[in-house]
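Participant: Okay, here's the structure, questions in a sec.
Each reported figure results from applying straightforward, stated rules to the coordinates on display, with no laboratory input. The structure displayed is predicted, hence computed values, not measured ones. All Cβ positions, glycine included, derive from the backbone under ideal geometry; neighbour counts span all protein chains shown.
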Amino acid sequence: MDYLYFPDDKSAYIPAAFEFLVIMILCMAVFFMFKKISKKQELKAQEIEARILGEKNKMHNNQDK
């Protein structure tokens, strides 16, 4: 039953800690990249929505005349 192994020499934990740190930094970078892209898409969608509503209002005003 030797499933878990805890080394007596604690320097064996250094590569695992370094790998964890690198992966955590990469995860944070991807998260912020997705957040930035999402914000750009949101602004573009709002711009398109405003343009469509403006054209719809213009068409509605022309029909009333």
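Participant: Quick check, is Ile14 among the hydrophobic types (A, V, I, L, M, F, W, C), exposed (fewer than 10 other Cβ atoms within 10 Å of the Cβ) and out of contact with any Pro (no Cβ under 9 Å at 6 or more places or on another chain)? Before you say what the answer is, go through the steps one by one.
Facilitator: Working: among the hydrophobic types (A, V, I, L, M, F, W, C): yes; exposed (fewer than 10 other Cβ atoms within 10 Å of the Cβ): yes; out of contact with any Pro (no Cβ under 9 Å at 6 or more places or on another chain): yes.
Criteria met by Ile14.
Participant: OK, next. I need the full set of residues from the range 18-65 which are acidic (Asp, Glu) and surrounded by 10 or more Cβ atoms within 10 Å (Cβ to Cβ), in order please.
Facilitator: So in the range 18-65, the residues acidic (Asp, Glu) come out as 19, 42, 47, 49, 55, 64.
Scanning the range 18-65 gives Glu19, Glu42, Glu47, Glu49, Glu55.
Participant: Quick check on my filter: what residues within the range 1-40 are of a type in the set (S, T, N, Q) and within 24 Å of the chain's Cα centre (by Cα)?
Facilitator: The answer is Ser38, and nothing else.
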